[in-house]
Amino acid sequence: MKLEEIAGKLNLRVLCCDEGLSREVRGGFVGDLLSDVMANSREGDLWITRQVHPNIVAVAVMKEHSAILLVQGGIPMEDTLSRARKEGVPILGTEINGFEAAGKIYGLMNP
Amino acid sequence: MSEIRYENFFPIEGGTFVNAGDVSSRIKSILKNLGIGSEVVRRAAIIAYESEINIVSYALRGNIRLSVTPDAVCIEAKDEGPGIPDIELAMQEGFSTATPMVREMGFGAGMGLSNIKKFSDSLEITSEVGQGTHVKTRINMAEAG
Ligand SMILES: Nc1ncnc2c1ncn2[C@@H]1O[C@H](COP(=O)(O)OP(=O)(O)OP(=O)(O)O)[C@@H](O)[C@H]1O
Ligand SMILES: [Mg+2]
């Protein structure tokens, strides 16, 4: 499913890199422990997290995630955004929590 | 010993997270450009990242040596730093001495070394307290497909 479709249906805010909205989301992963995300997420995943610091961009690039979704109103640090722009990693945001976001996205992708 | 196709050393500065992940990112693209299989690249990227972050988190400075032979990808992290007093304990998932500042960023789950073990075919750690740490890993080309 395209990132754009998920963003539209869930009313996600695009905090960075609209040009990445055409990316294909192949799955998802929820995690705030970077070693867990490194080891267990997959390429193409939409990564759902509460972390907002610049290191999340490095992880998303390494894992070739389709995008990062910051839940519970998480606001990325300025350095996070500039690094994401440089790398072209889309960052989305929502007020809902990780449980709800994951459930809704899972439902969309597995109707 | 089989012939070396590629070898390089990447220096890493301890204590600053500003560029954390850059070296492993470079290692990943080098391996991709060499045409290494995607599963080996995936495993090497995890090992390189965890090694890099450990140097950044705990050591003063260090480097990662990447070498590629027709049979294997080897990633070796060497640092000058406090060393690891009890390697067996450090290897246990969940054990961490990460500072609160490091934990706040989502590091310090105590999973890095176990991930390095899990995604490598061989792992050798040697360390001298007050001197530094040497983490040597190998991923076999064939077994990883
Ligand atoms: N290069 C190193 N120098 C000194 N101590 C180290 C080094 N690497 C690891 N350690 C010690 O081993 C512990 C476990 O390391 P490991 O990478 O498994 O987990 P972590 O770094 O604490 O958390 P995570 O990797 O999950 O973010 C560390 O907390 C630290 O005490
Ligand atoms: Mg670690």
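Every number in this text was worked out from the coordinates using simple rules, so none of it is lab data. Here the structure is a predicted model, which means the values were calculated and not measured. In this analysis, Cβ positions are derived from the backbone assuming ideal geometry, glycine residues included, and neighbour counts consider all displayed protein chains.
Residues in region B:93-114 that are at the interface with chain A (Cβ under 9 Å from one of its Cβ atoms) and in a helix (DSSP H, G or I): B:GLU104, B:GLY112, B:SER114.
Screening the candidates A:GLU4, A:GLU24 for the property of being over 19 Å from A:ILE75 (Cα atoms) and touching a helix residue (DSSP H, G or I) at 6+ places or on another chain (Cβ under 7 Å) yields one hit, A:GLU4. Which one is surrounded by the fewest Cβ atoms within 10 Å (Cβ to Cβ), of the residues in region B:74-101 that are acidic (Asp, Glu) and more than 7 Å from ligand 1 (Cβ to nearest atom)? Checked region B:74-101; the qualifying residue surrounded by the fewest Cβ atoms within 10 Å (Cβ to Cβ) is B:GLU88.
Counting the residues of region B:115-144 that are away from every other protein chain (no Cβ under 14 Å) and either more than 8 Å from ligand 1 (Cβ to nearest atom) or outside any strand (DSSP E or B) (or both) gives 20. Do the conditions hold for B:VAL41, that is, is it within 19 Å of B:GLY21 (Cα to Cα), assigned to a helix (DSSP H, G or I) and within 12 Å of ligand 1 (Cβ to nearest atom)? Taking the combined requirement at face value, the residue does not satisfy it.
Taking the condition assigned to a helix (DSSP H, G or I), within 29 Å of B:SER51 (Cβ to Cβ) and either touching a residue at least 12 places away in the same chain (Cβ under 8 Å) or of a type outside the set (Ser, Thr, Tyr) (or both), does A:ILE48 pass? The answer is no for A:ILE48.
Listed by first and then second residue, the pairs linking a residue in region B:87-108 that is under 24 Å from A:VAL52 (Cβ atoms) to a residue that is charged (D, E, K, R), with Cβ atoms under 9 Å apart and 6 or more places separating them unless they lie on different chains, are B:SER96/B:ARG103; B:GLY106/A:ASP32; B:GLY106/A:ASP36; B:GLY106/A:ARG50. When residues in region A:51-69 are screened for being among the aliphatic types (A, V, I, L, M) and in a helix (DSSP H, G or I), 7 of them pass. Scanning region A:25-43 for residues being farther than 10 Å from A:HIS65 by Cα and surrounded by fewer than 18 Cβ atoms within 10 Å (Cβ to Cβ) gives a total of 3.
Taken together, B:GLY21, B:GLY62 contain a single residue that is crowded, with 20+ Cβ neighbours inside 10 Å, over 21 Å from B:SER127 (Cβ atoms) and either within 13 Å of ligand 1 (Cβ to nearest atom) or among the aromatic types (Phe, Trp, Tyr) (or both), which is B:GLY21.
Quick check, is B:ASN33 more than 14 Å from B:ILE139 (Cβ to Cβ) and surrounded by 13 or more Cβ atoms within 10 Å (Cβ to Cβ)? Here the answer is no, as B:ASN33 does not meet what is asked.
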